[in-house]
1. How would you rank LEU185, LEU54, going from fewest to most other Cβ atoms within 10 Å of each one's own Cβ?
2. Find the relative contact order for the range 57-211 and round it to a whole percent, using C-alpha pairs within less than 8 Å whose residues are 6+ positions apart.
3. What length, rounded to one decimal in nm, is gained on full extension from LEU300 through to ILE166, with 0.36 nm per residue of separation minus their alpha-carbon distance?
4. Return MET299, MET179 ranked ascending by Cβ neighbour count within 10 Å, so the fewest neighbours appear first.
5. From the C-alpha gyration tensor of the range 54-320, pull out the three semi-axes of the equivalent ellipsoid (sqrt of 5λ each), sorted largest to smallest, in whole Å.
6. Taking the Cβ of each residue in SER298, SER55 as the centre, tally the other Cβ atoms inside 10 Å and list the residues starting with the fewest.
7. Among the listed pairs LYS96/LYS193; LYS99/LYS218; LYS94/LYS218; LYS138/LYS193; LYS50/LYS76, which have their C-alpha atoms separated by more than 23 angstrom in this model?
8. Between the range 63-128 and the range 130-176, how far is it from one alpha carbon centroid to the other, in angstrom?
Amino acid sequence: MSPNSFDWLNKDVHLFVVIVGFICLLYLSLKYCWLCFYACKTFVYGRWRKIDLLSHYGEYVVITGATDGIGLEFAKQFAQNGHSIVALGRNESKLKNVKAMIEPLLFDGRNVITVQADLNSTDTTIYQRVAEQLRPFKDRIAILINNAGVGTGKPDEFLNISEQEILTNIHVNIIGVLMVTRAVLPFMTENRKGLIINVSSMAAYRPVPFGACYSASKKFVQYFGSAIRYEYKKYNIHVQTLYPSFVATKMAEWSTFGKADSVLTPTTYEYVKSVMGTIGRSNDTSGYWSHAIFGTLSMLLPSDLYNVIADYTKTVITIKR
């Protein structure tokens, strides 16, 4: 049989490869066009044309970890938008300071309520007390922000993390999110509307060597939010998960990236202002444009290279606490 007898096969294979290549190129082009459109809708259009959350969801915003950082900034910006605030925190004196700070920002007829609740406590009756303090205005509870979270200090190997740090990570980042949601969600189902914002982390995108406990706990927050989003959409309850990278807070002080001196590290004001524009437009978002770019790039890295970078991060960009 002559070589020319297989020309038809070579032509068919060539045509098949061209078609497959064209389809793949078209898919990637459409995918990245969609990502660009989504980014513009979320971070540009959303920043200037925010949804009226007061009329859409209601008055009261319940915020955990409201005495510092992102939680405190959420309280300020929601108060300035006409909401009443329920601030949860473990430190009574800090809660008094929050109350004094928020009250001048409130609209007429609005108020700020402080609830002392240590989410690191093994006493689960605190969540029943939270529910009881919310009950008098249960028909006006609109938004829950599960913001409280802790890390395990600067990156290190698992066995170098203390038992207390591990347990605190579980109590605050996992049990606290579950139980506060369990305390507030029944009021939302009765009202047949609501918004839950769970603050996860970019560390949930993939396993983080030298941050195993923290990244695993934030992956839990991601899965929990995705599941209840489907379960409770019939009650008109929207669940959004945030995946921030470094924000200039006390929690990020271990890193040189924890200072608001780069495009990757916004202040709490800048970050929360950006997040406010994403509400109602995205189920899962980093909340800030540079975090979105950084997160996308990190997910594209091969695992081996990602792990090498995590090791580099552990040894180079950490600073003494």
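1. By the 10 Å Cβ count, ascending: LEU54, LEU185.
2. Details: 244 pairs, mean separation 40.5, N = 155.
Result for the range 57-211 is 26 percent.
3. Residue separation times 0.36 nm, minus the Cα-Cα distance, leaves 45.3 nm.
4. MET299, MET179
5. Numbers: eigenvalues 180, 74, 70 Å².
Ellipsoid half-lengths, sorted descending, are 30, 19, 19 Å.
6. Working: SER298 17, SER55 8.
With the sparsest Cβ surroundings first, the list reads SER55, SER298.
7. LYS96/LYS193; LYS99/LYS218; LYS94/LYS218
8. Here the answer is 15 Å between Cα centres.
Throughout, read-outs are computed from the coordinates displayed, never taken from laboratory work. Source: prediction; values computed, not measured. Counting neighbours? That spans all protein chains shown, and the Cβs are built from the backbone with ideal geometry, glycine included.
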